[in-house]
Amino acid sequence: MSNPSVLVLGNLLDEAAEILKVSASFLEHPRENAVAEAKLIELLDKKDAVISEPLDHFTENILDSCPDLKVIANRAVGFDNIDLEQASARGILVTNTPGVLDAATADLAMALMLAVTRRIVEADRYVREGKWQGFRSDLMLGPDLFGKTIGVIGMGRIGRAFAQRAQAFGMKVIYCRFSARDAKDDQLKEHLEAERVDLEALLKESDFISLHCPYSADTHHLIGATELSMMKPQAVLVNTARGRVIDETALVKHLEDRKIFGAGLDVFENEPTLPDKLKKLDNVVLTPHIGSACFDTRKRMTMLAVESIKAAFQGKQPIHLLNPEAWDKFKQKTACPNPNPNQSR
Ligand code: GLV
């Protein structure tokens, strides 16, 4: 087919634009908020591909309303904003950006853990408000990290990057993952002295807990009232994964009742809307879904999205294709020559 027409939701970096413009025409749609469904449908009119972000929801209705759409390149590793099954049924390829944001996201999880534990935001406010009267042995105490147990839920690339950082802080790592035991567990034991345990043991034994699992029907409200009640009274919970992994109402209640020490949250159930009660709490640190918000990381994510689109319309399977089952239908729709489907460049 001729050069595809691409909608870019959010800004495209100059470098990525240079690459994209060689093989595609594109429309950039900078925005601060999610685009309303009707507007998104209008923007997608006659577009062959879209570069999207986690706040863009590709529902069955949107997919039905955009018959020309053939590729969704999501600038994120998570893809719970896209109805993958419905996309596949229509021959729409969906890609993501794994492997380039592990360190950045793990860094933010550490930053949140430290911020909650050492009460950084509260302390900063205290100093600025002129409340500080000098050194006091009982001022702003929080739990120690050194020698404590960190429980990592979800041991993919980001979980592992986080575990490495925690180990460097002198913490004992335990983790749970949802796939069958395999060589990866042996490697984690060998390199990080990390012990695999089940969720209940992790909740009961950990002083700190960090979530690094993807969101799916299986992980919906993985941490609810029952799980929270198993945590230690001084536990700190960190979430840089997806908001819906935690039952937010139960968490707010637990934090209000001071049943754990605190929480560091970068993601929320209905982001960007947060419960007022959560915003009022002083035992939480809240950030606006910025896990991968580092200059180089975001550049790499954008480049991957652009490369995915380029590859697809050159008839090559993108390296981070999430639904290879859509490939044959996609090929029929685009009638691409297909020299070698397994090679992306
Ligand atoms: C961001 O949340 C991502 O999934 O990359």
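Ratio of Rg to Rh for the chain, alpha carbon only, Kirkwood? Write out the running numbers ahead of the final one.
Working: Rg = 22.0 Å, Rh = 21.7 Å.
Value, to two decimals: 1.02.
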> Computed on alpha carbon atoms, what radius of gyration and Dmax characterise region 190-345, expressed in Å?
Replying inline: 20.8, 62
> Tell me, Tyr126, Tyr215, Tyr175 in order of fewest to most beta-carbon neighbours within 10 Å?
Replying inline: Tyr126, Tyr215, Tyr175
>> Skipping prolines and chain starts, which residues have an amide H placed within reach, meaning under 5 Å, of the one on Gly10, given they are 5 or more residues away or on another chain?
In response: His29, Arg31
> In what sequence do Val121, Val35, Val238, Val285 fall when counting other Cβ within 10 Å, fewest first?
Replying inline: Val121, Val35, Val285, Val238
>> Under the rule of at least 5 residues apart or a separate chain, name every residue whose amide H is placed under 5 Å from the amide H of Phe58.
In response: Ile82, Asp83
>> Spelling out what I want: for every residue of region 215-220, take phi, set θ = phi - 60°, compute 6.51 cos²θ - 1.76 cosθ + 1.60 (Karplus), and round to whole Hz; glycine and proline get x.
In response: 8, 7, 4, 6, 9, 4
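Taking neighbour counts of Cβ atoms within 10 Å as a proxy for exposure, in what order, fewest first, do Arg128, Arg165 appear? Write out the running numbers ahead of the final one.
Working: Arg128 9, Arg165 18.
Ascending number of Cβ neighbours within 10 Å: Arg128, Arg165.
Sum -39500 (n - 2.57) across every DSSP H segment of at least 4 residues in the chain, then divide by the residue count to get the 222 nm mean residue ellipticity, nearest 500. The partial results should precede the final answer.
Values: 14 runs with 130 residues, N = 345.
Result for the chain, helices only: -11000 deg cm²/dmol.
Using the Cα centre as the reference, give the magnitude of the dipole from point charges on the C-beta atoms of region 102-286 (Lys, Arg: +1; Asp, Glu: -1; all else neutral), rounded to the nearest 20 debye. All intermediate terms of the calculation are to be shown ahead of the outcome.
Working: 26 positive and 28 negative charges, 80 e Å.
The calculation lands at about 380 debye.
Return the equivalent ellipsoid semi-axes of region 102-286 as a descending list in whole Å, where each equals the square root of 5 times an eigenvalue of the C-alpha gyration tensor. Write out the running numbers ahead of the final one.
Working: eigenvalues 147, 78, 40 Å².
Semi-axis lengths for region 102-286 are 27, 20, 14 Å.
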>> Based on the alpha carbons, how large is the Rg to Rh ratio for region 54-135 when Rh follows Kirkwood?
In response: 1.31
> In whole Å, what are the Cα extents of region 1-76 along the three principal axes, biggest one first?
Replying inline: 32, 30, 19
> Using alpha carbon coordinates only, what is the Rg to Rh ratio of region 88-207, with Rh defined as the Kirkwood radius?
Replying inline: 1.12
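Coordinate-derived values only; no laboratory data. Quantities reported herein were computed from a predicted structural model and do not represent experimental measurements. So basically every Cβ, Gly included, is an ideal-geometry build from the backbone, and we count neighbours across all protein chains shown.
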